[in-house]
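Engineer: A single structure is presented below for examination.
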Amino acid sequence: MNSSKPPQIPASSNNTAPCKHPRVRIVAREEDAEFVECIECGEVFEASEFKDMNIEENKLSSEF
């Protein structure tokens with residue numbers, strides 16, 4: 001018998017609002033780069049991208 005489980009759908013692919021990455025942790029460092037992982041959705045990205053996301057979000061919220 002095949003007792004394999006159905007594939008799990010990652011939390012980030014559901015139809016809810018996109019994750020704003022409220023909690024991240026450092027997962028890797030290179031010479032010029034630091035990579036972080038969102039604890040909520042599991043997305044991994046460069047720390048500088050995370051800072052840019054916060055800047056853009058603040059800019060958008062101040063325009064309204």
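Quick note: the coordinates plus some simple rules give every number you see, no bench work behind them. Source: prediction; values computed, not measured. Ideal geometry is used to build each Cβ from the backbone, glycine not excepted, and the neighbour counts take in all protein chains shown.
Engineer: Give the long-range amide H neighbours of residue 40: residues separated by 5 or more places, or on another chain, with amide H under 5 Å away, using H modelled in the peptide plane at 1.01 Å from N.
Structural biologist: Residues meeting the criterion, in which the H sits 1.01 Å from N, are 23.
Engineer: What does the charge add up to near residue 41, with Lys and Arg as +1, Asp and Glu as -1, over the other residues with Cβ less than 12 Å from its Cβ?
Structural biologist: Numbers: positive: 20, 23; negative: 37, 40, 43.
Neighbourhood net charge equals -1.
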